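So the structure is just underneath, and the comments pick up after that.
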Amino acid sequence: SSDVCSSDLVILQCIFIAPILVGALAVPETPRWLISHGRPGEARDILARLYGGSRSQDEVERIYSGIVKSVAIEDSIGATNFLTSLQHVFRKDDIRSRRRFLIACSIQFFQQLGGINGIIYYAGTIFSQSLGFDSHMSALMSGFLFTWFFIASFIPWLLIDRIGRRPLLLSMVSLMACVFAVMCGLVRQIEFKTGLAHSCGTAGMR
């Protein structure tokens, strides 16, 4: 059934969690954290490994010195304390900390309300009940959908620095809104079993 297929696809994701857990053990701490916890030598080693092939030793030292100074400033104003840091986030300062914080939270909030989680969880049901596919085709299409999500996650790697974060975000949000509007119209034709239902199901699959 579509419910069984959906549960199988959900549990399948656990396979990808194991490498993340193992890989996290090999990931070093950030230079900023190491410096703030009294481990400057390790921080310098991390920066040397990170920039050793692309930047000179002088540039690496300048980056290191900049981090040391920023950590010292944070310590002087008490920003390392959690409650104090939280107050700084909501402060209306020269770098617009509060505005940046609210924008970041709003993007995450509206991303969750954009329907992606519903599509992922109910993909099998959508393909079977809304688009009229049989259980085998529904499971197959769900697999294709999840595979496309995985492949598409690499696209921003190639575009984000060339196009810019803001233009990429605005254009993709607008495109997704158009896609959802079209899908809404197609699904409505299928649910009301109009004369275009079969064609709409085919279009929805594509």
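Pick out the one residue from ILE160, ILE190 that is among the β-branched types (Val, Ile, Thr), part of a helix (DSSP H, G or I), open to solvent by less than 70 Å² (accessible area, probe 1.4 Å) and at pLDDT below 80. Before the answer, list the steps.
Working: ILE160 fails: at pLDDT below 80.
Residue meeting the stated conditions: ILE190.
Only one of these is assigned to a loop (DSSP other than H, G, I, E, B) and surrounded by 14 or more Cβ atoms within 10 Å (Cβ to Cβ): ARG32, ARG55, ARG44. Name it. Talk me through it step by step, then tell me what you get.
On the way: ARG32 fails: assigned to a loop (DSSP other than H, G, I, E, B); ARG44 fails: assigned to a loop (DSSP other than H, G, I, E, B).
Result: ARG55 is the single residue among ARG32, ARG55, ARG44 that is assigned to a loop (DSSP other than H, G, I, E, B) and surrounded by 14 or more Cβ atoms within 10 Å (Cβ to Cβ).
Which residue is most open to solvent (accessible area, probe 1.4 Å), if the candidates are limited to the stretch 116-155 and must be modelled with pLDDT of 80 or more and not in a helix (DSSP H, G or I)?
Among those residues, the one meeting the criterion is PHE154.
Looking at LEU169 and the list (1) assigned to a helix (DSSP H, G or I); (2) over 15 Å from the mean Cα position of the chain (by Cα), which single condition is not satisfied?
(2) is the only condition that LEU169 fails.
Cβ-Cβ under 9 Å, sequence separation 6+ or interchain: first residue in the stretch 89-118 and farther than 25 Å from LEU175 by Cα and of a type in the set (S, T, N, Q), partner in a loop (DSSP other than H, G, I, E, B) and open to solvent by 80 Å² or more (accessible area, probe 1.4 Å). Which pairs?
SER97/PHE90; SER97/ARG91
When you scan the stretch 71-80, do you find a residue that is modelled with pLDDT of 80 or more and under 30 Å from ALA43 (Cα atoms), even just one? Break it down into steps so the answer makes sense when it comes.
Within the stretch 71-80, the subset modelled with pLDDT of 80 or more is 71-72.
Subset that is under 30 Å from ALA43 (Cα atoms): 71-72.
Among the residues of the stretch 71-80, at least one is modelled with pLDDT of 80 or more and under 30 Å from ALA43 (Cα atoms), which makes the answer yes.
From the list PHE110, PHE144, exactly one residue is more than 20 Å from GLN13 (Cβ to Cβ) and among the aromatic types (Phe, Trp, Tyr). Which is it?
Details: PHE144 fails: more than 20 Å from GLN13 (Cβ to Cβ).
Every option except PHE110 fails the conditions.
Among what's in the stretch 81-115 and is among the aromatic types (Phe, Trp, Tyr) and surrounded by 10 or more Cβ atoms within 10 Å (Cβ to Cβ), pick the residue that is modelled with the lowest pLDDT. Break it down into steps so the answer makes sense when it comes.
Of the residues in the stretch 81-115, the ones among the aromatic types (Phe, Trp, Tyr) are 82, 90, 101, 109-110.
Those left that are additionally surrounded by 10 or more Cβ atoms within 10 Å (Cβ to Cβ): 90, 101, 109-110.
Values: PHE90: 76, PHE101: 85, PHE109: 84, PHE110: 81.
In this case the residue turns out to be PHE90.
The values are calculated or read from the model by the stated rules, or taken from the named source; none is laboratory data. The structure presented is a predicted model; accordingly, all values stated were derived computationally and were not measured. Cβ atoms come from the backbone with ideal geometry, glycine included; neighbour counts cover every protein chain shown. The accessibility values were calculated without ligands, DNA or RNA, using every heavy atom of the protein model including side chains. Shrake-Rupley method; radii C 1.70, N 1.55, O 1.52, S 1.80 Å.
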